[in-house]
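Following: one structure in structure tokens, then a few remarks.
The values are calculated or read from the model by the stated rules, or taken from the named source; none is laboratory data. These numbers come from a predicted model, not from an experiment. Quick reminder, even Gly has a Cβ in these numbers, built from the backbone with ideal geometry, and neighbours come from all protein chains shown.
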Amino acid sequence: MTAKLIYVTAGSAAEAEAIAGQVVEQRLAACANILGEATSIYWWQDKLNKDSETVFILKTTTELVEQAVTKIIELHSYDCPAVVVLNIEHGNPEFLKWIDSNTL
């Protein structure tokens, strides 16, 4: 088992909680941390934008990462949501086992 982190931004805390809740409830991730509001500065449709977004991180396994990403995109309100998968190189072995035992 290799653990992964999925970094996501959402348009509001409510949307982040709804997406994270469904992904965890379906056991596609063991846990979600909703980090709160962040200021995002980005280009969209040839216009520079500055907006508040909510960042959240999900903990999952290599085996489930594609299903989790697909579910996040399906539930997300954005046309092109920021959904990025990060490898966990090392960590508390007991915590990494916990991720594995709390996912499908």
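Scanning the range 62-101 for residues that are among the polar types (S, T, N, Q), under 14 Å from Tyr7 (Cα atoms) and in contact (Cβ under 8 Å) with a residue 12 or more places away in the chain gives a single hit, Asn87.
Going by the structure shown, is Ala30 over 22 Å from Ile99 (Cα atoms) and touching a residue at least 12 places away in the same chain (Cβ under 8 Å)?
no
Put simply, of Glu74, Glu17, Glu53 the only residue that is crowded, with 17+ Cβ neighbours inside 10 Å and under 16 Å from the mean Cα position of the chain (by Cα) is Glu53. Restricted to helices (runs of 4 or more DSSP H) entirely inside the chain, those with at least 2 residues that are at pLDDT 95 or above, on the phi < 0 side of the Ramachandran plot and of a type in the set (Phe, Trp, Tyr) are 93-101.
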